[in-house]
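Comments concern the structure below.
The values are calculated or read from the model by the stated rules, or taken from the named source; none is laboratory data. The model shown is predicted, which means the values in this text are computed figures rather than measured ones. We place every Cβ from the backbone using ideal geometry, glycine too, and count neighbours over all the protein chains shown. Ligands, DNA and RNA are excluded from the accessible area calculation, which covers all protein heavy atoms including side chains. Shrake-Rupley method; radii C 1.70, N 1.55, O 1.52, S 1.80 Å.
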Amino acid sequence: MKVIVVGSSHGGYETVRGILAAHPETEIQWYEKGDFLSFLSCGMQLYLEGTVKDVNAVSYATPAGMRAQGVHVYTEQEITTVHPDRQTVHVVNHATGEERDEGYDKLVLAVGAVPFDLPVPGHDLENVYAMRGRDWAIKLKAKTVDPAIKNVVVIGSGYIGIEAAEVFAKAGKHVTVVDMLPRLLSLYLDAEFTDTLTQTMADHGIQAATGQGVKAFEGKHGKVTKLITDQGEYPADLVISAAGIRANTGFLKDVVALDDHGLIKINDYLQTSDPNIYAVGDATLVPFAPTGQPNRIALATNARRQGRIAAKNIFGDQVTMPTVSGSSALSVFDYHFASTGIKAGTSEKLGVKSQSVLVTDTAQPAFVPDAAGNAKVWFKLTFDPTDGRILGAQIMSKKDVTANINTISLAVQAKLTVYDLAYTDFFFQPGFDRPWNIMNIAAQKAIDSLK
């Protein structure tokens, strides 16, 4: 069998890896239109801050390593057209200018998403950057040490935007984060968490400009100098746009079925409207465990699950994509937080009735001194008020207690209730935890609220 995989990030890599594990005799052609294989934008902050020294290390694989396993790797070669009726793709080699057609038995689209380009005046000025991909990583690294860059404006307060803001604040720049939403990180955390994080960012030189829409960029001599919103103006020697992503599916309009947002429609087995074409990653929806409905959750973990399942199904297996809870985590200066599932701030939009309890406690018993790592913990548990089914949770502390969210993610997927969680057996040792885990305490509090 000949399988063509388009795209080399999380979903594409996992598809290739899955095929090699189970069917190493397969002819695999792996295409990446850029000049670098499998760059991981999720590792960009580590590179920009110097934790990772070599930008080329932020990758799953190398062409040489994959070719040694029998994979035909093509970089700087873009698939521009797909012909499902002939089961061929048209390939443009950007290095040589040559073009050719390739046939396939199965095609896996891991085309991902690209940064959303704000359609406002001045968006094409110099020093208006994105934070996605290896090329942008190299450019951004240079700006962290550029003495001409004093004021940085970040558009968007999701994970990518907050990572960018922290990088440049640590580099000594004055940073402003602009977002249309009323709170920073509001898609991931409720106000009890974001209030503390916003103040922490302010203490480190990051100004929040929320509830504001971008109207224009202004510049001098072709370089950006100012960002204008509907509420104010902000000096900017550098603008980093992290205002969302759009599916990279323009070339697939007449090839497979797309939804109103340009996302590829897939079935439970990751097949598109053409049974010989599969799709994985950020250009698709995934089944969301708390609602049972498809949702857009652009996370590396989801793309890799899809890639592994696609690798099975293209050979005739009938493995369905499991539901996911949308679990994610991030550090903001000294704080570590994680969330999963539904939050109080997102339940209404999802059409779900929810109730929540908030518990604040210390990570360890009171007799353990702060110097030993004992720290305040915020934990918020969200559940269905009719039957106590667990819908999601959020946790934050200066101590890394984020792994608790993995337990809640499993609880959401298994449809457990607060009654199940209230007395679940978790270990206790004063050097690690309290006699009652904070998840137990929250579940017990939830039960009291349901009486």
task = Name the single residue, out of those in the range 242-263 being part of a strand (DSSP E or B), out of contact with any Leu (no Cβ under 6 Å at 6 or more places or on another chain) and in contact (Cβ under 8 Å) with a residue 12 or more places away in the chain, that is least open to solvent (accessible area, probe 1.4 Å).
result = Ile245
inquiry  = I'm checking my understanding of the structure. Among residues of the range 175-191 that are touching a Gly at 6+ places or on another chain (Cβ under 7 Å) and crowded, with 22+ Cβ neighbours inside 10 Å, which one is farthest from Tyr129 (Cα to Cα)?
reply    = Asp179
remark   = Taking the range 53-73 and keeping residues buried (at least 16 other Cβ atoms within 10 Å of the Cβ) and closer than 21 Å to Ala130 by Cα leaves Val55, Val58, Ser59
key: Residue match in the range 15-35 (condition: closer than 29 Å to Leu140 by Cβ, open to solvent by 10 Å² or more (accessible area, probe 1.4 Å) and among the aromatic types (Phe, Trp, Tyr))   = no
key: Filter result (farther than 19 Å from Ala208 by Cβ and open to solvent by 20 Å² or more (accessible area, probe 1.4 Å)) within the range 223-241   = Lys223, Thr225, Asp237
note = Selection from the range 345-375 of residues crowded, with 19+ Cβ neighbours inside 10 Å and within 16 Å of Ile408 (Cβ to Cβ) yields Thr346, Ser347, Ser354, Ser356, Val357, Val359
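Conditions tested, residue by residue: (1) under 30 Å from Thr382 (Cβ atoms); (2) crowded, with 17+ Cβ neighbours inside 10 Å; (3) modelled with pLDDT of 95 or more.
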site: Gly161; (1), (2), (3): yes, yes, yes
site: Lys173; (1), (2), (3): no, yes, yes
site: Glu218; (1), (2), (3): no, no, yes
site: His221; (1), (2), (3): no, no, yes
query = Restricting the range 406-451 to residues that are open to solvent by 90 Å² or more (accessible area, probe 1.4 Å) and in a loop (DSSP other than H, G, I, E, B), which is modelled with the lowest pLDDT?
reply = Lys451
ask   = All but one of (1) within 24 Å of the chain's Cα centre (by Cα); (2) among the small types (Gly, Ala, Ser); (3) modelled with pLDDT of 95 or more hold for Gly345; which doesn't?
value = (3)
request  = Could you list all residues from the range 124-159 that are open to solvent by less than 50 Å² (accessible area, probe 1.4 Å), of a type outside the set (Val, Ile, Thr) and in a loop (DSSP other than H, G, I, E, B)?
outcome  = Leu125, Asn127, Met131, Gly133, Asp146, Gly156, Ser157, Gly158
